[in-house]
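The values are calculated or read from the model by the stated rules, or taken from the named source; none is laboratory data. The shown structure was predicted, so the numbers you read here are calculated from the model rather than taken from an experiment. Positions of Cβ are generated from backbone atoms using ideal geometry, with glycine treated the same way; all protein chains shown enter the neighbour counts.
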Amino acid sequence: MKFLSTGKPQGLLKLLIFGIVSLFVGLGLAITPANADSVGEEFPDAVTGNVRIEGEPVQGVGISLEGEGYSAATVTDERGRYFIGVPVRGVYQVTIDESTLPSTEVGVEGGATQEVEFQGFPGFLWQFALISANLFHGVDLSETDVKDSIEMAGSRPMLILHGDIDQRLDYQSSVDFYEYAKSVGAEIKLETFENADHTEGMLTETDRYAKVLSDFFNQNLVD
């Protein structure tokens, strides 16, 4: 496991992160309210994530963090989520306690300890998104389940554009999103930009990126 998964071997522990991230995701550093089992709620930034095995959340998995003169630990909640607030945006070592996994046969790709580093995403934007979704649509993004959201989209078309060497949100997350959407009959398309970071495809393949977007909007927006 990379904590954000790659590949699909049987029993692979997969940490799936969906949404905006403020810190580089090896485990996923995101700005989010402390609805998961949490520590460090008083800090403005946090390491957050969701531990799943074969798509199912795993409760009670130990997660610890150390770096920048700070350390903390927590466990995942009933939805597999955890939240560790951090005092500064820096480099942290995040460790999953393998002894708390439900099976000794579950593999942790990339090692049980991985490094996460702030990549410059301003945390206030995530807070703005949370407030806006709640204010204008009555939706609590921190409580929104990805699978439920896909199913609720119904016949609305979806488009994902993602670089396959993303350092913020693991590319496999988009693959998992796409495959689940297809499994429930959603109309969805995944455009992969090879050797590109998060949205770097707009720079490495500008014409293609623009065409994919314009074609999608032209086909699906109603006058």
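If you go through segment 45-63 one residue at a time, how many are more than 18 Å from the chain's Cα centre (by Cα) and part of a strand (DSSP E or B)? Working first, answer last.
Within segment 45-63, the subset more than 18 Å from the chain's Cα centre (by Cα) is 60, 62.
So of that shortlist, the ones also part of a strand (DSSP E or B) come out as 62.
Of the residues in that region, 1 qualify.
Report those helices (runs of 4 or more DSSP H) wholly inside segment 129-223 carrying at least 3 residues which are closer than 29 Å to Val116 by Cα and at pLDDT 90 or above. Full working, then the answer.
Details: elements: 146-152, 171-183, 201-204, 206-220.
Of the helices (runs of 4 or more DSSP H) lying wholly inside segment 129-223, those with at least 3 residues that are closer than 29 Å to Val116 by Cα and at pLDDT 90 or above span 171-183.
Of all residues in segment 31-67, which are at pLDDT below 70, farther than 20 Å from Leu101 by Cα and not hydrophobic (A, V, I, L, M, F, W, C)?
Thr32, Pro33, Asn35
Among the listed residues Ser149, Ser174, Ser214, Ser142, which satisfies the condition of being over 20 Å from the mean Cα position of the chain (by Cα) and of a type in the set (Ser, Thr, Tyr)?
Values: Ser149 fails: over 20 Å from the mean Cα position of the chain (by Cα); Ser174 fails: over 20 Å from the mean Cα position of the chain (by Cα); Ser142 fails: over 20 Å from the mean Cα position of the chain (by Cα).
Checking each option against the conditions leaves just Ser214.
Looking at segment 135-190, which of its residues are of a type in the set (Asp, Glu), crowded, with 18+ Cβ neighbours inside 10 Å and within 19 Å of Met202 (Cα to Cα)? Working first, answer last.
Step one: list which residues in segment 135-190 are of a type in the set (Asp, Glu), which gives 140, 143, 145, 148, 151, 164, 166, 170, 176, 179, 187.
Those left that are additionally crowded, with 18+ Cβ neighbours inside 10 Å: 166, 170, 176.
Selection gives Asp166, Asp170.
What pairs can you find where one residue is in segment 202-218 and within 15 Å of His162 (Cα to Cα), the other is in a helix (DSSP H, G or I) and hydroxyl-bearing (Ser, Thr, Tyr), and their Cβ atoms are less than 8 Å apart, with a gap of 6+ or different chains?
That search, which allows pairs on different chains as well, returns Met202/Tyr209.
Can you name the residue in segment 99-112 that is loosely packed, with under 15 Cβ neighbours inside 10 Å and not small (Gly, Ala, Ser) and, of all such residues, is modelled with the highest pLDDT?
Within segment 99-112, the match that is modelled with the highest pLDDT is Pro102.
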